[in-house]
Every structure is written in C-alpha cells, then in structure tokens.
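Novice: Structure incoming, see below.
Here, each number is a calculation from the coordinates, and none is a lab measurement. Source: prediction; values computed, not measured. Cβ placement follows ideal geometry from the backbone for every residue including glycine, while neighbour counts extend to all protein chains displayed.
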Amino acid sequence: MLEELDALIRISEIDAKAFRADTELKEIPERMGELQGDVSKLGELLESERQELAEADRLLTAQEEEINRQSQALAKSKAKGARASNIREADAVERELEAIRRSMRDREAERETLKAAIEKRRKSFEKHEKEFGELKAFAAKEQEKADSRLAELEAERSTALAGREEFAAKISGAVARRYDLIRTRRGGSAVSEIKGGCCSGCNMAIAPQQGIRVQRAETLEQCPNCQRWLYSRQALADEASEASADH
Ligand SMILES: [Zn+2]
C-alpha cells in the first residue's frame, strides 16, 4: 500500500478519536453551565419566596400589635364606663366599647386568615428549600463527574494525538492542507472506505476503474463527489498481513 495512503488512514482514525473527545469536551461544560443556571434560577426563586414570607411575618406582627392596642383601648373604655356618672355617659361608653370589639373581631379574623396563608406559604417554601438542596447536591455530584470525565478526555485526546506526528510526516504538505479542508467541510472525516462499490462517506457509486485503483492502493484516490480519500478494507487487511509476514 502507498505509504501516504496508509498514513492518511491512520491520521483519520486518530482524528476521529480526538474529534469524539473534542465534541464531548465542548458538550460537558455547556451541560454543566445549564445545570448551574438552573441552580441559580431556583436559588433566586427561593430567595424571593423567603422575602415574601418574612414580609408576611412582619404583617402578622403588625396585626398583633394592632390587636394589643385595641385591647388596651378596650380596658381603658371599660374603666371609663365604671366611672360613668349618668346613663348618657354610660351609653356613650357602651357604644365606644361595641365599636372597639367589632374592630377587634375584624382584626382577629384577618389575623387568622393571614396565619393560615403564612402556614401554607411556609410549607411550600420548605418544600422548595428541600428541592433546592437536592438540586444543589445533584449539581455538585454532576460537576465532580464532569471534572473527572474532562480530565479523562484530555488524557485520551493527548494520547490519541501523540502518534499523529509520525504519520503526518509521511504525507505531503499539499495533501495535509487538503485533508484539513475536506475534514472541515465534511464534518470531521476526510477519508472513507469503499463499500459495495460506493463511497461510504457520501454513498456515491465509484466508477469500476477507480474502484480497481482503490483496491490496488498504489495511488491516492479521491471520491469525485465528496473528495474524501478512498480506501478498501481488503487492501488494508492485505497490508496488515504483509506487515506481519515481514516480521
Ligand atoms: Zn464520497
């Protein structure tokens, strides 16, 4: 087999591996970014829920203070009633007392409604707080996994690329440049196997004369449609058995 073709096939295998690692190396940080985004979004929602709850608690305290003030006013009016010296005065005090009692009943009813609403909100807040804690723990675990996977991928990538130079030295500069160009245009692959007389990269039928040249593997043959370099599995196998026979 032409040494340049063999080198192209090896480089293509190496690049395919590195390409997979590159894809994952890009995807993982993106996915983690989304997850962290979810965590902070939920954190913000929880914080505003916490503030609303604190606000409702302050309202309840104010309501209770108001009820206390009214209860003091009631005591004062009662004392006034005890000092009333005639019926007119006593009636006036009685009306005052009735007004205070009515207002207190209203406040107390409001307080109960508020208490019930706060209770409900507190439960929902606690549920969300728990969910937030779980999401944070999940995100931390995912981050840990992501970090170790990233390290693994970096190692895989540099291992995969380690042998590349040796093969890259065997191809001409023009072929190397063309290789990069085709690879960029064709989604990461610049070499394809010929299968059933077709280019497996684009499925184009290859003319029989060219098919024979691919089989002989003595020249660099490009698919007329997608420009990928073609090779046959048979030629590769022959090359491998020749190589082992030599040793
Ligand atoms: Zn093709």
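Novice: Using a simple spin-label model with points 7 Å from Cα along the Cα→Cβ vector, what separation in nm is obtained for residue 90 and residue 148?
Specialist: Simple spin-label model gives 8.8 nm for this pair.
Novice: Sticking with this structure for a sec: Between residue 135 and residue 23, how high is the FRET efficiency from 1/(1 + (r/R0)^6) when r is the Cβ-Cβ distance and R₀ = 25 Å? Nearest 0.05.
Specialist: On the way: r = 27 Å, r/R0 = 1.07.
For residue 135 and residue 23, the calculated efficiency is 0.40.
Novice: List, in order, the whole-Hz ³J(HN,Hα) value for each residue of the stretch 71-83 obtained from phi through the Karplus relation with A = 6.51, B = -1.76, C = 1.60 and θ = phi - 60°; use x for Gly and Pro.
Specialist: Along the stretch 71-83, the couplings run 5, 5, 4, 5, 4, 4, 5, 4, 4, 4, x, 5, 8 Hz.
Novice: With the contact rule set at Cα under 8 Å and sequence spacing of 6 or more, what percent relative contact order holds for the chain? The partial results should precede the final answer.
Specialist: Working: 198 pairs, mean separation 75.1, N = 247.
It comes to 30 percent, rounded to a whole number.
Novice: Next question. Suppose R0 equals 30 Å; then what is the FRET efficiency for residue 212 and residue 165 from their Cβ-Cβ distance, rounded to the nearest 0.05?
Specialist: Details: r = 33 Å, r/R0 = 1.10.
Here the calculated transfer efficiency is 0.35.
Novice: How much FRET efficiency would the formula 1/(1 + (r/R0)^6) give for residue 245 and residue 181, where r is the Cβ-Cβ distance and R0 is 41 Å, rounded to 0.05? Please list the in-between numbers first.
Specialist: Working: r = 37 Å, r/R0 = 0.90.
Efficiency for this residue pair is about 0.65.
Novice: I've got another one for you. Once you sort the root eigenvalues of the Cα gyration tensor of the stretch 153-228 as a ≥ b ≥ c, which label holds: rounded (a/c under 1.5), prolate (a/b larger than b/c) or oblate (the other case)?
Specialist: Values: a/c = 2.12, a/b = 1.75, b/c = 1.21.
It is prolate, given that a/c is not under 1.5 and a/b is the larger ratio.
Novice: Give the cysteines in the chain for which no other Cys Cβ lies under 4.7 Å away, or write none if there are none.
Specialist: 198
Novice: Each label point is 7 Å from the Cα along the Cα-to-Cβ direction; what then is the distance between the points at residue 204 and residue 36, in nm?
Specialist: The two pseudo-label positions are separated by 4.5 nm.
Novice: Still on this structure, please answer the following. Given the Cα-Cα distance of residue 54 and residue 174 and 0.36 nm per residue of separation, how much length would full extension add, in nm?
Specialist: 36.1 nm
Novice: For the chain, what does -39500 (n - 2.57) per DSSP helix run (n ≥ 4), summed and divided by total residues, give at 222 nm, in deg cm²/dmol to the nearest 500?
Specialist: On the way: 6 runs with 198 residues, N = 247.
The per-residue figure over the chain is -29000 deg cm²/dmol.
Novice: Nearest 10 degrees is fine. How inclined is helix 173-185 to the longest principal axis of the chain, computing both from alpha carbons?
Specialist: Here the helix axis deviates by roughly 40 degrees.
Novice: What list of ³J(HN,Hα) values in whole Hz, one per residue of the stretch 160-170 in order, does the Karplus curve 6.51 cos²θ - 1.76 cosθ + 1.60 (θ = phi - 60°) give from phi, with Gly and Pro shown as x?
Specialist: Taking θ as phi minus 60°, the curve returns 4, 7, 4, x, 5, 4, 4, 7, 4, 5, 8 Hz for the stretch 160-170.
Novice: Now for a different question. Counting Lys and Arg as +1 and Asp and Glu as -1, each charge on the Cβ, what is the dipole of the chain about the Cα centre in debye, to the nearest 20?
Specialist: Numbers: 44 positive and 50 negative charges, 251 e Å.
So the magnitude is around 1200 debye.
Novice: Given H placed on each backbone N at 1.01 Å, which residues far from residue 192 in sequence or on other chains put an amide H within less than 5 Å of it?
Specialist: Amide H neighbours of residue 192, under 5 Å, 5+ apart: 229, 230, 231.
Novice: Quick one: work out Rg over Rh on the C-alpha atoms of the chain, Rh as Kirkwood radius.
Specialist: Details: Rg = 40.8 Å, Rh = 26.0 Å.
Looking at the chain, the ratio lands at 1.57.
Novice: Which entries in 78/115; 26/120; 41/115; 26/127; 170/195 show an alpha-carbon gap greater than 32 Å? Show your work: numbers first, answer last.
Specialist: Working: 78/115 29 Å; 26/120 44 Å; 41/115 29 Å; 26/127 35 Å; 170/195 26 Å.
Too far apart for the 32 Å limit: 26/120; 26/127.
Novice: Of all GluC sites (Glu not before Pro) in the stretch 4-62, which ones are in loop regions per DSSP and have a Cβ with at most 16 other Cβ atoms within 10 Å? Mind dumping the intermediate values first?
Specialist: Details: sites: 4, 13, 24, 27, 30, 34, 44, 47, 49, 52, 55; in loops: none.
Hits after loop and neighbour filter: nothing returned.
Novice: Counting other beta carbons within 10 Å of each residue's own, what order do 230, 220 fall into, fewest first? Before the final figure, lay out each step's value.
Specialist: On the way: 230 27, 220 18.
Ascending Cβ contact count within 10 Å gives the list 220, 230.
Novice: Answer with one residue from 176, 150, 139: the one whose Cα lies farthest towards the positive end of the charge dipole of the stretch 82-182, charges on Cβ with Lys, Arg +1 and Asp, Glu -1.
Specialist: The Cα lying farthest towards the positive end belongs to 139.
Novice: For the stretch 149-247, which GluC sites (Glu not before Pro) are both in a DSSP coil and crowded by at most 14 other Cβ atoms within 10 Å? Let's see the in-between values first.
Specialist: Numbers: sites: 152, 154, 156, 165, 166, 193, 218, 221, 239, 242; in loops: 218, 221.
When the GluC sites (Glu not before Pro) of the stretch 149-247 are filtered for loop state and at most 14 Cβ neighbours within 10 Å, 218 remain.
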